[in-house]
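What follows is one structure encoded as structure tokens, with my remarks underneath.
Throughout, read-outs are computed from the coordinates displayed, never taken from laboratory work. Model, not experiment: these values are computed from the prediction. Positions of Cβ are backbone-derived with ideal geometry, glycine not excepted, and every protein chain shown enters the neighbour counts.
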Amino acid sequence: MSAVFGGLATLLAVVGLYGVMSYTVARRTREIGLRMALGAQPGAIVWMIVREVLVIAGAGIAAAVPASWWLGRLVASQLYGVVPTDPIAIGGAVLLLTVVAVIAGLVPSLRAARIDPTRALRFGG
């Protein structure tokens, strides 16, 4: 039962991360268009966005891993058979969220890198 709730929580984190990154890139359409009009290459635009995603994901993981380790003892005392410091489960969650973070940044950034700079500068968002 706790594995189902853990999987559901991870799924919610994945969907939320993708939504936030997609919204963030959409809000920066004018900036991206201006950068491209000034000569930025599409690869540089993609890397700029993916780098920001990795920094945000890294900060979240850096805060979440110690918190999960600390709060895991409380959960272990409440539930039978739950190991709070299972490195495989923690590593799997970190790996999954990192991969999803990269994909969540890559998909909107590839879309933004293909936009015509004049359309992006006229974009009202």
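If I stretch the segment between LEU74 and TYR23 completely, what's the gain in nm (0.36 nm per residue apart, minus their alpha carbon distance), one decimal? Walk me through the numbers before you get to the answer.
Values: separation 51, 0.36 × 51 = 18.36 nm, distance 3.57 nm.
Difference between extended and current length: 14.8 nm.
Taking P(r) over Cα pairs in 10 Å bins from 0, in percent as the quantity of interest, determine which of (i) 12, 36, 24, 15, 9, 3, 0; (ii) 13, 50, 33, 4, 0; (iii) 13, 47, 31, 8, 1 was computed from the displayed structure.
(i)
Which of these, PRO87, PRO42, PRO108, has the largest mean-square fluctuation under a Gaussian network model of the chain (Cα springs below 10 Å)?
Sorting by GNM fluctuation, first place goes to PRO87.
Let me check against my output: what whole-number percent is the relative contact order of the chain, with C-alpha pairs under 8 Å and at least 6 apart?
With pairs under 8 Å counted, the relative contact order is 52 percent.
Run the helix sum for the chain: -39,500 (n - 2.57) per DSSP H stretch of 4+ residues, divided by residue count, reported at 222 nm to the nearest 500 deg cm²/dmol.
Details: 5 runs with 105 residues, N = 125.
Helices in the chain give a 222 nm mean residue ellipticity of -29000 deg cm²/dmol.
First measure r as the distance between the Cβ atoms of LEU12 and ARG114, then evaluate 1/(1 + (r/R0)^6) with R0 = 30 Å and state the FRET efficiency to the nearest 0.05.
Details: r = 30 Å, r/R0 = 0.99.
The value I calculate is 0.50.
For GLU31 and ILE103, what is the calculated FRET efficiency with R₀ set at 25 Å and r taken between the beta-carbons, to the nearest 0.05?
Values: r = 22 Å, r/R0 = 0.88.
E(calc), rounded to 0.05, equals 0.70.
Would you mind pulling out the separation of the Cα centroids of region 13-33 and region 45-112, in Å?
Answer, in whole Å: 18.
Hey, what do the phi angles of region 27-38 turn into as Karplus ³J(HN,Hα) couplings, whole Hz, using 6.51/-1.76/1.60 and θ = phi - 60°, x for Gly and Pro?
For region 27-38, the Karplus curve yields 5, 9, 4, 5, 4, 5, x, 5, 4, 5, 5, 8 Hz.
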